[in-house]
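In what follows, a structure is listed as structure tokens, so that the remarks can point back to it.
The values are calculated or read from the model by the stated rules, or taken from the named source; none is laboratory data. This structure is a prediction, so every number in the text was calculated from the model and none was measured. Glycine also receives a Cβ, built like all others from the backbone with ideal geometry; neighbour counts cover every protein chain displayed.
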């Protein structure tokens, strides 16, 4: 292996690793606030680029109907004044999609906002009513949604793979496209923005507080429901943007979310589903590990990545304390 | 200000509180004393809507049917719970600022309140940047009270504020509570340590097996032989250990 190949592998690992990292951070955040292991995050990611492709071709993607249907259920659950939020959101989203059919640049915004709306609605409709349930019930719901959303992806978009046009064309050097640079920049900005949000804003601290003590949060007027919606919103935003930026590099298809989400999950587990920096570093490790194994033992690439889980879980089990539900 | 009539709290088949009635006037301090398992904490939980209840709770003449901590917080009713429910991974100052979260959302400035809490608890000011989880028990209790004050309570509910604290710290906490009472904050203190609670309170309520066993002014309860024997006599073992 010479220096060029090493460079390729490192760049490839970094590019994938930062996306796994963002997904891992999103999963840690959602778990801390709501105790939900967000398995369907990969599907939320997948909805973004495929909806974009549909919009750019002048078609309305089925994801919009899914979002509107969930939005109606959400409004029904909220009742009274609380129903206005989801209804206005659904109206705004529909208007945005209509405009995006004619004004192409709006399609990018529409695709991301759709995923955010879908993510928040998913929490409100499927997870919030289960707020007193055990982590296991929440996990079963999450796995069910993952399967359902992947199936819906197949129904909405068919089995083909799509490669949307990159936002930036061309390559900086051989092996590193401008789109890849965009992915790295986006990851860097996201991490900085999240750090700033949790470090300096009282809203960010309120979200951390809701994760630390449910009773304490209620007693200080931080609504757990709102905290959950914000956590899902942030996670969906990260997933949607990641999907849009990544799709031109790796192709978009209904099945793309599964592997991405699972690798984000591996990274999140490396961080014990608790530490943001360790989860992110774990994700980079997963990325590098994956790119090097695909070079040396490509047939076993995925298997070796998931093998990383074994020592991570073993380590977690050694230092695990009894967890109260 | 607060009127409670026939409040019962049930956990499944178990009735922890049975038909308790009492009232609180503006600026008054009420002590609820009684042995472990008498239903003191359940009474507070029921009051705040954290448990299933029957009976009527009226605040300022308005009956509160579906109660929640968030709703009562907006009406100026703030609980300092047993176990404190702090945010251990956040700094002392962040814990305090989050106590005023609802007011912050309305665009109010929290700095004067922060200065006031630091004035009451200089110890918290010294440790403002420290994580709440690393504080001593007494400091955590100060922080829990300080956090509640950030919401500008009209009625402060305290659940066992002396539990697990050294005698000196108990005195310090109750000195602050007396100062708050002097400022016009209405207090409801649930306490096993009957001595310190009755020193602070205007009136007292003795809870036994979920029912009101005795009720009267703090002075009367001080002089009641039953109370003296059952609760004040035990003061060395209870709460001050």
Of A:305, A:278, A:310, which residue is farther than 30 Å from residue A:121 by Cα and surrounded by fewer than 19 Cβ atoms within 10 Å (Cβ to Cβ)? A:310
Residues of region B:153-167 being more than 17 Å from residue B:43 (Cα to Cα), more than 12 Å from every other protein chain (Cβ to nearest Cβ) and within 14 Å of the chain's Cα centre (by Cα), which ones? B:154, B:162, B:163
Being closer than 22 Å to residue B:160 by Cβ, modelled with pLDDT under 95 and touching a strand residue (DSSP E or B) at 6+ places or on another chain (Cβ under 9 Å): is that true of residue B:83 here? yes
Quick check on this structure: which one of A:71, A:17, A:58, A:42 is in a helix (DSSP H, G or I) and farther than 24 Å from residue A:291 by Cα? A:71
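On the basis of being surrounded by 15 or more Cβ atoms within 10 Å (Cβ to Cβ) and within 14 Å of chain A (Cβ to nearest Cβ), does residue B:70 make the cut? Explain how you work it out, then say what you get.
Working: surrounded by 15 or more Cβ atoms within 10 Å (Cβ to Cβ): yes; within 14 Å of chain A (Cβ to nearest Cβ): yes.
So residue B:70 fits the description; yes.
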Can you tell me which of (1) in contact with a helix residue (DSSP H, G or I) (Cβ under 8 Å, 6 or more places away or on another chain); (2) closer than 20 Å to residue A:73 by Cβ is the one residue A:168 doesn't meet? (2)
Filter result (surrounded by fewer than 17 Cβ atoms within 10 Å (Cβ to Cβ) and part of a helix (DSSP H, G or I)) within region B:127-140: B:133, B:134, B:137
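For residue B:124, state whether it is within 12 Å of chain A (Cβ to nearest Cβ) and either within 23 Å of residue B:30 (Cα to Cα) or surrounded by 19 or more Cβ atoms within 10 Å (Cβ to Cβ) (or both).
Values: within 12 Å of chain A (Cβ to nearest Cβ): no; either within 23 Å of residue B:30 (Cα to Cα) or surrounded by 19 or more Cβ atoms within 10 Å (Cβ to Cβ) (or both): yes.
Spelling it out, it is not the case that residue B:124 is within 12 Å of chain A (Cβ to nearest Cβ) and either within 23 Å of residue B:30 (Cα to Cα) or surrounded by 19 or more Cβ atoms within 10 Å (Cβ to Cβ) (or both).
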Would you list the strands (runs of 3 or more DSSP E) that sit entirely within region B:164-226 and hold 1 or more residues that are in contact with a helix residue (DSSP H, G or I) (Cβ under 9 Å, 6 or more places away or on another chain) and surrounded by fewer than 22 Cβ atoms within 10 Å (Cβ to Cβ)? B:203-208, B:211-217
Please enumerate the residues belonging to region B:5-21 that are over 14 Å from residue B:210 (Cβ atoms) and surrounded by 14 or more Cβ atoms within 10 Å (Cβ to Cβ). B:5
How about region B:83-121: which of its residues are part of a loop (DSSP other than H, G, I, E, B) and more than 10 Å from chain A (Cβ to nearest Cβ)? B:106, B:107, B:108, B:109, B:121
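Within region A:94-107, is there a residue that is within 22 Å of residue A:145 (Cβ to Cβ) and free of Cβ contacts under 8 Å to residues at least 40 places away in the same chain? Steps first, please.
Initially, region A:94-107 is screened for residues within 22 Å of residue A:145 (Cβ to Cβ), giving none.
Checked region A:94-107: no residue is within 22 Å of residue A:145 (Cβ to Cβ) and free of Cβ contacts under 8 Å to residues at least 40 places away in the same chain.
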Can you pull out every residue in region B:99-119 that is within 20 Å of residue A:216 (Cβ to Cβ) and surrounded by 15 or more Cβ atoms within 10 Å (Cβ to Cβ)? B:99, B:100, B:101, B:102, B:103, B:104, B:110, B:113, B:114, B:117
Within region A:220-237, how many residues are within 8 Å of chain B (Cβ to nearest Cβ) and buried (at least 22 other Cβ atoms within 10 Å of the Cβ)? 3
With B:77, B:24, B:47, B:30 as the choices, which residue is within 16 Å of the chain's Cα centre (by Cα), buried (at least 22 other Cβ atoms within 10 Å of the Cβ) and away from chain A (no Cβ under 14 Å)? B:30
Here's a check for you: in region B:141-152, which residue that is in contact with a strand residue (DSSP E or B) (Cβ under 9 Å, 6 or more places away or on another chain) and more than 11 Å from chain A (Cβ to nearest Cβ) is surrounded by the fewest Cβ atoms within 10 Å (Cβ to Cβ)? B:152
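Can you confirm whether residue B:27 is in contact (Cβ under 8 Å) with a residue 12 or more places away in the chain, under 18 Å from residue B:158 (Cβ atoms) and in contact with a helix residue (DSSP H, G or I) (Cβ under 8 Å, 6 or more places away or on another chain)?
On the way: in contact (Cβ under 8 Å) with a residue 12 or more places away in the chain: yes; under 18 Å from residue B:158 (Cβ atoms): yes; in contact with a helix residue (DSSP H, G or I) (Cβ under 8 Å, 6 or more places away or on another chain): yes.
So residue B:27 fits the description; yes.
Give the residue, chosen from A:260, A:285, A:304, A:273, that is away from chain B (no Cβ under 14 Å), within 24 Å of residue A:111 (Cβ to Cβ) and touching a helix residue (DSSP H, G or I) at 6+ places or on another chain (Cβ under 9 Å).
Numbers: A:285 fails: within 24 Å of residue A:111 (Cβ to Cβ); A:304 fails: within 24 Å of residue A:111 (Cβ to Cβ); A:273 fails: within 24 Å of residue A:111 (Cβ to Cβ).
The conditions single out A:260.
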